[in-house]
Amino acid sequence: MSVTKPENAAESGFRSEFFEDLFEMEARSFWFRARNHLIVWALKKYFPESRSFLEIGCGTGFVLTGIAAACPDLELAGSELFEEGLEFARRRLPATALFELDARNLPFTQAYDVIGAFDVIEHIEEDQIVLQEIQRASKQGVVITVPQHPFLWSGVDELACHKRRYSAEELRRKVTQAGFSVIRMTSFVSILLPFMLVSRCTKRKAEQVGKSEFELPALIDWVLELTIKAEQLLIQCGLNFPFGGSLLLVAVKADANDCHERPLKVL
């Protein structure tokens, strides 16, 4: 299957040269590790009977690696627009099915129990189309994370080629319009929001941004990870945070009745 590539980063929603940096920093960053922990919990909590999972925009495979370790019986697959990202993902996941695909045009219909999109749809202008494609391709539902609060827009978002930061209302509306029923939505990175706000206010332009938010001294990174873990314990106990740097959303399909069919084989 051929994939039509955008001509530049602004159109594609991502800079392919960033994959090498991501591959090197993800495991060292409290934010990526904490997000993985939350994603794994959400999958186990809300889709305990799922047998197959597809990650849209899997990047270097860091999230899929975390899911594979925590859910060894789950049949995993990943898709990515950029072959450069898949090259790194294959290093981490040599036995996992990985596809070069455009999320706006998925060649699947009810092929995977659950589909995940983790900090992906904010990169895509046609996010509503992507959500509709996910709805068609999934059997049970979806797990999504996105950056929250438009007022936090800064040079970090510009450098990352984000099209938007979401409000909770916007994300819920778009997911519902795509044919899902939202069963859980909460902010995360909430306790650290004041510090994030200060950091973003000093980096309003892309040229002011470095790797400082992700490459921290080991002790500070450890303390921040403990803070996020404490926050996640509250989320797991049922608390929904109204404010935070990111949003977690879990939604199910209204017609997700047959959760035990085997996924369609993709050639």
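Looking at (1) part of a helix (DSSP H, G or I); (2) surrounded by fewer than 18 Cβ atoms within 10 Å (Cβ to Cβ), can you tell me which one Ser181 breaks?
(1)
Test each condition in (1) over 30 Å from Asp113 (Cα atoms); (2) loosely packed, with under 13 Cβ neighbours inside 10 Å; (3) of a type outside the set (A, V, I, L, M); (4) modelled with pLDDT under 90 for Glu213 and report the one that comes out false.
All conditions are met except number (2).
Of all residues being free of Cβ contacts under 8 Å to residues at least 40 places away in the same chain and over 20 Å from Leu38 (Cα atoms) in the range 52-86, which is surrounded by the fewest Cβ atoms within 10 Å (Cβ to Cβ)? Just the residue, please.
The qualifying residue surrounded by the fewest Cβ atoms within 10 Å (Cβ to Cβ) is Glu83.
Among the residues of the range 20-41, is any out of contact with any Ser or Thr (no Cβ under 8 Å at 6 or more places or on another chain), assigned to a helix (DSSP H, G or I), among the polar types (S, T, N, Q) and at pLDDT 95 or above?
Within the range 20-41, one or more residues are out of contact with any Ser or Thr (no Cβ under 8 Å at 6 or more places or on another chain), assigned to a helix (DSSP H, G or I), among the polar types (S, T, N, Q) and at pLDDT 95 or above.
Could you give me the residue pairs with C-beta distances under 8 Å whose first residue belongs to the range 174-187 and is under 22 Å from Gln236 (Cβ atoms), whose second residue is of a type in the set (Ser, Thr, Tyr) and modelled with pLDDT of 95 or more wherever it lies, and which are 6+ apart or on separate chains?
That search, which allows pairs on different chains as well, returns Val182/Thr176; Ile183/Tyr46; Arg184/Tyr46; Ser187/Ser246.
Identify the single condition in (1) in contact (Cβ under 8 Å) with a residue 60 or more places away in the chain; (2) crowded, with 24+ Cβ neighbours inside 10 Å that Ala97 does not satisfy, given that it satisfies every other one.
Among (1) in contact (Cβ under 8 Å) with a residue 60 or more places away in the chain; (2) crowded, with 24+ Cβ neighbours inside 10 Å, Ala97 violates only (2).
Could you tell me which numbered condition Arg262 fails, if it satisfies all but one of (1) closer than 20 Å to Asp113 by Cβ; (2) at pLDDT 95 or above?
Status for Arg262: all satisfied but (2).
Exactly one of (1) closer than 21 Å to Leu81 by Cβ; (2) surrounded by fewer than 18 Cβ atoms within 10 Å (Cβ to Cβ); (3) under 17 Å from the mean Cα position of the chain (by Cα); (4) not aliphatic (A, V, I, L, M) is unmet by Asp119. Its number?
(2)
The values are calculated or read from the model by the stated rules, or taken from the named source; none is laboratory data. The model shown is predicted, which means the values in this text are computed figures rather than measured ones. Quick reminder, even Gly has a Cβ in these numbers, built from the backbone with ideal geometry, and neighbours come from all protein chains shown.
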